[in-house]
Every structure is written in structure tokens, then in C-alpha cells.
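Inspection log for the structure reproduced underneath, given as C-alpha cells.
The values are calculated or read from the model by the stated rules, or taken from the named source; none is laboratory data. Keep in mind it's a predicted model, so treat the numbers as computed, not measured. Ideal geometry is used to build each Cβ from the backbone, glycine not excepted, and the neighbour counts take in all protein chains shown.
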Amino acid sequence: MITRRRFLRRATATLVSTVALGGYALGVEPLLRLSVARYRLTPTGWPAGLKLTVAALADVHAVNPGMPVERIRAICTAANALNPDVTLLLGDYARGHKHGWVVPTADWARAFSSLRAPLGVHAILGNHDWWDDLEVQRRGTGLPLAYRALQDNGLSVYHNRAARLSKDGHPFWLAGLGDQIALLPARRQGIVRWSHLDDLPGTLASITDDAPVLLMAHEPDIFPRVPSRVGLTLSGHTHGGQVRVLGYSPVVPSRYGNRYAYGHVREGSRDLIVSGGLGCSMIPVRLGVPPEIVLIELGGTQA
């Protein structure tokens, strides 16, 4: 039989633990931690002589407080210190929740101009970058302010196109898709329909030789349609579920749930890496999936 005193002790301990966990999820993991998620793999068909180090940043979600310009600059400094051959930005730079103040697009875009890599800094847009531009949403056409802002700060921005790069005489292709849920949904006959702007067949059709392909796609849901011609697909969007316990995320913004929630996924001969991201969406909480920079060594041993 549980005495009143024992019951109060347990209740107090539970309350203290809950408050401490909530404080960590609100004030420590999302704001003070920064990890490096490292992967080493050789995709199917990858040339034996091509060693390539890729840094990837996803889902910054600039906002004050939480992800101010100063913190974005510090993340860029940390990414530069990893000495990647190429740096990729996987979308969602705009604020993802309303618990804070907007960081102007020009300010967060300027912060990314400090990124450095021998083969350049390359970016795609995420759904929030499209949703944040109300004029583009109203018209249903055109490129959002985020695209122009990144371009004005020296970054190569991709929207359903591919570019041929080279490392130590070995060529490879970098391709970037338009967003899969770029335009906010319209309700027709009681059904919500998102408008997508990704063109996977058209993007891959622009590739003119058999050099390996890296594909940037903000949402990982495209992966089942990605052909084996693509060596590696890189995505963000999910934030690893933003709350992740024992490798499981209760809520994942993907039709596939935990299948593409986080990390390295190999299906058949195809590889996908999903970043846990850096900022927060919907609510400013992270638990079990701290903000991360992804660092990938291609042409190494399979991780």
C-alpha cells in the first residue's frame, strides 16, 4: 500500500522530472547544442577515384530568439571548419513557427555568404521559403524572395536544374528540385490539394553523361521515385521528427512516417540521407535530435 508521503514524493519527483525535461527540450537542446552527423558511404556505381566530402545544412528557420543571425553565422563558421569540398543548403531558411520575431530575409541570406567550400555553396528552397512569400502564393507563379536573396549573396540556387562539377579530374552532377509542397493548399470539393513545383524527370533529363549524381530534394517523400541513376539523395524537412526517442519519432511531417524520418536510408541500390536540421518548426522544441551539421564522406567505406 502506498502511503500519502510516498505518493507525494513520487508525484513531486515526476513533476520535477517533467519540468526539467521540458526545460531541456525548450531551452537547451534547440538553443545551445550543435552536433555533427557523420556518414561515410560509397553509393552504387560511384567512381573508385572520386573522394568527395559534402557538408549539408538544413532547416535553419531563422527567428528571434532561437535562431538569430549571429547563431546562423556561428553555424556557418562551424561548417567551414569541417573543410568540406562542397556545401549544400537543403532549404527552409524562413521562420517555421510564430513563437518569436521575423529575421528579415536579406539578413539571414547575408549570413550564409560566409560559407566557404572549394566547389562552392549550393542551395535549394524548402516549403517555408515558398510559404513565406505571400505575393508568390497569391499569384501561384514566380520565384520567392528567398531565391533571389540567396543568389544575391553569391550562392548557386537550384530549381529543377543540374550543374556539372569536378573534383580531382572526376566529374559529378549536382541536381536540385523545386519544392514538393511549394504552394499552399486550396480546398476544392472538400479535398485539400497541395501544389508541387518539383520536376524530377525534367531535372534528370538535363544530365548529359554518366557521371554520378547527387540530388538535393527538400522533402524526402520524393525518394521512392528517384531512380538508381542518382547516387545519393539529400533531404531535410522532417527535423528528425523534432522529438525522437530510442530511434522513433512520434510525429513526422511525411506520408511515410518514420521510414524517412532521419539519417541514412538504403533501399535496394539507392541511398538517402535525411538531416535532422538546425531550427524548429511548429513549436520551438527539440528532444533527442539536437541541431546538426551533416558531413558526408563519399567514396569511403560504407557506414
Unique residue being basic (K, R), without any contact (Cβ under 8 Å) to a residue 12 or more places away in the chain and more than 19 Å from I181 (Cα to Cα) when the list is R266, R244, R286 = R266
note = Residue hits (the range 107-149; surrounded by 21 or more Cβ atoms within 10 Å (Cβ to Cβ) and β-branched (V, I, T)) are V121, I124
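Conditions (1) among the hydroxyl-bearing types (S, T, Y); (2) modelled with pLDDT of 95 or more; (3) within 20 Å of H218 (Cα to Cα), marked per residue:
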| site | (1), (2), (3) |
| --- | --- |
| R95 | no, no, yes |
| G100 | no, no, no |
| A106 | no, yes, no |
| A109 | no, yes, yes |
| F112 | no, yes, yes |
| A117 | no, yes, no |
| H128 | no, yes, yes |
| V136 | no, no, yes |
| G140 | no, no, yes |
key: Residue match in the range 229-240 (condition: over 30 Å from S166 (Cα atoms), assigned by TED's automatic domain parsing to the domain that holds L88, free of Cβ contacts under 8 Å to residues at least 24 places away in the same chain and among the small types (G, A, S))   = no
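Conditions (1) in contact with a Phe, Trp or Tyr (Cβ under 7 Å, 6 or more places away or on another chain); (2) surrounded by 16 or more Cβ atoms within 10 Å (Cβ to Cβ); (3) assigned by TED's automatic domain parsing to the domain that holds L165, marked per residue:
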| residue | (1), (2), (3) |
| --- | --- |
| N64 | yes, no, yes |
| P68 | no, yes, yes |
| R71 | no, yes, yes |
| A78 | no, no, yes |
| T87 | no, yes, yes |
| L90 | no, yes, yes |
| G100 | no, yes, yes |
| V103 | no, yes, yes |
query = Of the residues in the range 78-87, how many are touching a Ser or Thr at 6+ places or on another chain (Cβ under 7 Å) and within 13 Å of L57 (Cα to Cα)?
reply = 2
ask   = Just a yes or no: is a residue in the range 159-169 in contact with a helix residue (DSSP H, G or I) (Cβ under 8 Å, 6 or more places away or on another chain) and either without any contact (Cβ under 8 Å) to a residue 24 or more places away in the chain or farther than 22 Å from A217 by Cβ (or both)?
value = no
query = Conditions: (1) over 12 Å from L234 (Cα atoms); (2) surrounded by 15 or more Cβ atoms within 10 Å (Cβ to Cβ); (3) of a type in the set (F, W, Y). Y256 meets all but one. Number of the miss?
reply = (2)
task = Give the range 249-294 a look and list any residue that's touching a helix residue (DSSP H, G or I) at 6+ places or on another chain (Cβ under 6 Å) and either aromatic (F, W, Y) or in a strand (DSSP E or B) (or both), or say none.
result = Y260, Y262, L272, V274, L287, I293
Subset of the range 194-224 [at pLDDT 95 or above and among the small types (G, A, S)] = G202, A205, S206, A211, A217
request  = Could you pull out every one of the strands (runs of 3 or more DSSP E) wholly within the range 135-243 that has 2 or more residues that are within 15 Å of the chain's Cα centre (by Cα) and not acidic (D, E)?
outcome  = 213-216, 232-235
